[in-house]
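Here is the structure we will look at.
The values are calculated or read from the model by the stated rules, or taken from the named source; none is laboratory data. Computed from a prediction, not measured in an experiment: that's the story for all the values here. FYI the Cβ positions are ideal-geometry reconstructions off the backbone, even for glycines, and counts take in every protein chain you see.
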Amino acid sequence: MKLKVAKTYLRVWLKLTSQQFQSQVANARGAALLFIFGKLFRLGTAFLMLYVIMGRAKLIVGYTMPQAILILALFNFVSNIAQLFMRGIYMFRQKVVDGTFDFYLLNPLSELFYSLFSATDPMDTLLIFPYLGLVVWAWINSGFPLIFSSVLFVLIVVVIAFVLIMSWHIIILSVGIKYLEVDNTIMLYRDLEKMATIPIEIYGKTGSAILTYLFPFALLATIPARLIFGLYNPWFLLGFVALAILYLKLSLFIWSRALLSYSSASS
Amino acid sequence: MKKYLSIFSITLQEVFTYRLNMVMWRVRQIFVFLIPFFIWRAVLGGGGDIYGYSFAAIMTYLFGTTILRSLVMGSRTIDLGWMINTGALTIPLMRPFNIFKFFFIRDLADKLFNLSFMFIELPLIYFVFHPPIFLQTNAFYLLCAMSSILCAIFIFFYINVIFGSLAFWTRDIWAPRFLLMVIMEFATGAMFPLDMLPEMWQKIMLLTPFPYLLYVPLKIYLGQNISLIPQFIWVIFLGLITKIIWQKGLSRYEAEGR
Amino acid sequence: MTYTILANNLSKIYSVQKKRPGLSGSLQDLFSPIHEQKQAVKNVSFVIDEGELVGFIGPNGAGKTTTLKMLSGLLYPSAGSVRVLGFDPWKRQYDFLRQISLVMGQKNQLWWDLPAIESFNLARDIYDIPSSVYKKMLNQLVEMLDIGDVLNVQVRKLSLGQRMKAELVAALIHSPNILFLDEPTIGLDVLMQQSMRSFLKEYNQNSTGSIVLTSHYMDDVKELCKRVIIIDQGGIIYDGLLSDVIAKFSQHKIIEVITSSGTTTHKVLRGKVAQKAAELLKDPSVIDINIKEVEIEDVIRQVFSNK
């Protein structure tokens, strides 16, 4: 039964994404290109800043420049995958206001599924490849070997990170349902997330602790990087698995409470 | 005059209505300061300098851009594109006031709102992080800085109107807007002082209006001898373009109709 | 037997922020907001059986839509209980949602930029409808609603009427046991309204499913519903047969007198009708007289204005 439901979700998601693509073809394709260019530009400026700073400082909190670049590449990759899949949150407020969210609620499939995953832009998926390529290049450039165990650990971390990011998105949706405020909240989340672009040791002892144990943004880049550099004990990952599950349960609970006060779009 | 006061007041009321929105926005502004602070502290905290900037100097710069952001870049004219697309523009257009003044006054209200929050946040940031701040005492530089900021406000206003006006021609305004935001983040000098870049790059950047929004006014305030002329030219040039695009766009707006 | 819908003392209270005027008022609202309780639905109870077509009527803001939303599981009742098809609608369980459908007037759940058929195919995937059943249902509905030639047209290019029809197909393709309709004919032109009503009537006759609709158009109710529930200010003021409404609420009948110079109407107490008619007929200029029930619109209007 569970497998059947999972297959249904997958089928529906594929269909929604392909229909999103068809819908784009019907409208403006130029927009997608501008977006891609914008994202690449943003990545470019991040790199530029890294070069500018580290051009003079050979070492930053104990990491060399190539290592810092790998961290940037990892962050970019993980963050963008999450954004790619959970693009629905950027349209969420609109959906609540125009009543579409009501239809989500009454659809047999989870309304969270629609709120988060129904707006995947297939054009974004194209960018995954260069981003992944960047990670691989940065990995090799950092001088550490691309061995199976490292890759496996990184993949595990990415999965854990994804579950965590999803939980946070659900919490943001809960705030959105209650207060109709989503856009600033999600951007605030992105600002927080951006802190993980650079090695978290930069933020001092307290900062690192917060970013590792309370809001584990460190999982997005610094921790997988440390795994690659052999500076991290993989057994700690078990703790993060537990944390991710905890966060997920918490977020679903908050969501169900938030719905209690949902007042629905007026007719 | 009274009607503009009303517009000012109503805009503030609009902002206050969404309390959470307000709070979130301000918290975000704090983060905009925090991340570069940590980066620079890690790199320069122990001493030394990068391209001529010591830790103290870069902190001054960062502090300065944070304040200037609220002043120069607080704006509601970003709504313009949406207003055109949904036909919401029709109502203010029909009213007996100048539509540009309308948008401008709303922007001023937004800036005032942002500034008043700064009065709470800045002391807080100062007490926690002790960034070295530089108070300009030379009256001449102060005057120039203020003119420069005024020019910056106009430049940003015109840029917003121009980009919002794109909506007269296309339904999808978010993509170009996004691109503009990404470029401005870098080109205004908000990420780092533009004179850390090679000469050639600086020259190219100064050919665009963006550095004149944050980087140039701040530099003038800090006492560097930068001419105000390019800014004036940009104000006039952008003002003209805005008028032209607006007229052209408006005639199309009537044609589409609602 | 299990009732299809069982509502017991349902209530819904909203907390609405009261805004104070002016800039200073705004600032006050910012720091110490006042909230007001607004009771949208007050102790509403009723029972609906399988196959019924029930109409909730009442003026705007009466609480009909709020009640409907509590029945479908969108809103959480402040008090009372409701069971629909044996489920607690609020829980929105998969097996419950598979059996219901909601159509809201002027709101669309179809893909805007794609042909309607795409949305139908998506529904097939979502509701897991077997292929043969899907084809049969699709053909049946498309024929009944006569939209065969617009299936492959982008939804954004359809007229409002065609869109509503497509909307109905999407809503009924999975053969729900209950169809909820919220103001379905709002904004449609007279022909379209008629067309939709005939369809709903036909559909109800040919299937075992129930239909619950809200409307403030009397014509919807007259045409479709044998049973009406009249809601005003959050409470039920009548629940029963439409024909009985007139009898219960109107103590009058209308006598229409047609003369060569025009028509006049007289409102006369039921008991006095024969007497008055005889009196009026004495006038030689009278060509014809009609004795009618008071129009249901007038009855309802009177009911509401009396409250």
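Below are the figures for this structure:
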item	result
Identity of the residue in the stretch B:111-128, farther than 12 Å from B:Gln29 by Cβ and of a type outside the set (A, V, I, L, M), that ends up nearest to the chain's Cα centre (by Cα)	B:Lys111
From the options A:Ile210, A:Ile156, A:Ile170, residue that is buried (at least 19 other Cβ atoms within 10 Å of the Cβ) and either at the interface with chain B (Cβ under 10 Å from one of its Cβ atoms) or assigned to a helix (DSSP H, G or I) (or both)	A:Ile170
Unmet requirement for A:Gly230, which otherwise passes all of (1) over 18 Å from B:Val27 (Cα atoms); (2) crowded, with 19+ Cβ neighbours inside 10 Å; (3) in contact (Cβ under 8 Å) with a residue 60 or more places away in the chain	(2)
Count - residues of the stretch A:50-66 that are closer than 16 Å to A:Thr197 by Cα, in a helix (DSSP H, G or I) and within 14 Å of chain B (Cβ to nearest Cβ)	6
Filter pass, A:Leu34 being within 11 Å of another protein chain (Cβ to nearest Cβ), over 25 Å from A:Gly176 (Cβ atoms), modelled with pLDDT of 85 or more and surrounded by fewer than 21 Cβ atoms within 10 Å (Cβ to Cβ)	yes
Of all residues in the stretch C:101-129 being within 7 Å of chain A (Cβ to nearest Cβ) and among the aliphatic types (A, V, I, L, M), the one that is nearest to A:Val25 (Cα to Cα)	C:Leu114
Of all residues making up the stretch B:119-143, the number that are in contact (Cβ under 8 Å) with a residue 60 or more places away in the chain and outside any loop (DSSP other than H, G, I, E, B)	5
Unique match (being modelled with pLDDT under 85, surrounded by fewer than 14 Cβ atoms within 10 Å (Cβ to Cβ) and of a type in the set (A, V, I, L, M)) among C:Ala274, C:Ala278, C:Ala247	C:Ala247
Looking only at the stretch B:1-36, and only at residues there that are within 10 Å of chain A (Cβ to nearest Cβ) and aromatic (Phe, Trp, Tyr), the one that is surrounded by the most Cβ atoms within 10 Å (Cβ to Cβ)	B:Trp25
Test result for C:Ser210, loosely packed, with under 14 Cβ neighbours inside 10 Å, modelled with pLDDT of 80 or more and of a type in the set (Ser, Thr, Tyr)	no
Given (1) closer than 30 Å to B:Phe37 by Cα; (2) more than 11 Å from chain B (Cβ to nearest Cβ), index of the condition A:Phe117 fails	(1)
Flag if B:Ser75 is buried (at least 19 other Cβ atoms within 10 Å of the Cβ), part of a loop (DSSP other than H, G, I, E, B) and more than 10 Å from every other protein chain (Cβ to nearest Cβ)	yes
Filter result for the condition that a residue is closer than 29 Å to B:Ser54 by Cβ and within 14 Å of chain A (Cβ to nearest Cβ), over B:Leu197, B:Leu115, B:Leu142, B:Leu166	B:Leu197
Pairs with Cβ under 8 Å, 6+ apart, first in the stretch B:166-195 and within 21 Å of B:Trp246 (Cα to Cα), second among the basic types (Lys, Arg) and at pLDDT below 85	B:Phe168/B:Arg252; B:Trp169/B:Arg252
The stretch B:170-194, subset assigned to a loop (DSSP other than H, G, I, E, B) and within 8 Å of another protein chain (Cβ to nearest Cβ), residue surrounded by the most Cβ atoms within 10 Å (Cβ to Cβ)	B:Phe192
Unique residue being at pLDDT below 90 and among the β-branched types (Val, Ile, Thr) when the list is B:Ile204, B:Ile183, B:Ile226	B:Ile226
Residues within the stretch B:15-71 that are at positive phi and in contact with a helix residue (DSSP H, G or I) (Cβ under 7 Å, 6 or more places away or on another chain), tallied	1
Any hit, the stretch A:60-82, residues being surrounded by fewer than 16 Cβ atoms within 10 Å (Cβ to Cβ) and under 30 Å from C:Leu168 (Cβ atoms)	no
The stretch B:78-109: number of residues that are closer than 18 Å to B:Met1 by Cα and in a helix (DSSP H, G or I)	14
Breaking point among (1) under 19 Å from the mean Cα position of the chain (by Cα); (2) crowded, with 17+ Cβ neighbours inside 10 Å, for B:Ile245	(1)
Wholly enclosed helices (runs of 4 or more DSSP H) of the stretch C:206-293 bearing at least 3 residues without any contact (Cβ under 8 Å) to a residue 60 or more places away in the chain	C:242-249, C:273-281
Single condition A:Pro224 does not satisfy, out of (1) farther than 25 Å from A:Met65 by Cβ; (2) of a type outside the set (Asp, Glu); (3) outside any loop (DSSP other than H, G, I, E, B)	(1)
Looking only at the stretch C:82-122, and only at residues there that are part of a strand (DSSP E or B) and hydrophobic (A, V, I, L, M, F, W, C), the one that is farthest from A:Leu105 (Cα to Cα)	C:Val82
Of all residues making up the stretch B:43-72, the number that are touching a Phe, Trp or Tyr at 6+ places or on another chain (Cβ under 9 Å) and assigned to a loop (DSSP other than H, G, I, E, B)	4
Considering residues of the stretch A:233-263 that are crowded, with 16+ Cβ neighbours inside 10 Å, touching a helix residue (DSSP H, G or I) at 6+ places or on another chain (Cβ under 8 Å) and not aliphatic (A, V, I, L, M) only, the residue nearest to the other protein chains (Cβ to nearest Cβ)	A:Tyr262
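Listed here are the residues, each with its yes/no results for (1) of a type in the set (Val, Ile, Thr); (2) surrounded by fewer than 19 Cβ atoms within 10 Å (Cβ to Cβ); (3) farther than 18 Å from C:Gly234 by Cβ.
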| position | (1), (2), (3) |
| --- | --- |
| C:Val16 | yes, yes, no |
| C:Leu23 | no, yes, yes |
| C:Phe31 | no, yes, yes |
| C:Val41 | yes, no, no |
| C:Gly51 | no, yes, yes |
| C:Gly63 | no, no, no |
| C:Leu74 | no, no, no |
| C:Ser81 | no, yes, no |
| C:Gln93 | no, yes, yes |
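Yes/no per residue for (1) within 14 Å of chain C (Cβ to nearest Cβ); (2) farther than 22 Å from A:His169 by Cα; (3) part of a helix (DSSP H, G or I); (4) touching a residue at least 24 places away in the same chain (Cβ under 8 Å):
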site	(1), (2), (3), (4)
A:Leu48	no, yes, yes, no
A:Ala73	no, yes, yes, yes
A:Val78	no, no, yes, yes
A:Ile89	no, no, yes, yes
A:Leu112	yes, no, yes, yes
A:Leu126	no, yes, yes, yes
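Residue-by-condition table, conditions (1) of a type in the set (D, E, K, R); (2) at pLDDT 90 or above; (3) more than 23 Å from C:Gln106 (Cα to Cα):
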position	(1), (2), (3)
C:Leu172	no, yes, no
C:Thr185	no, no, no
C:Leu188	no, no, no
C:Met218	no, no, no
C:Lys222	yes, no, no
C:Tyr238	no, no, yes
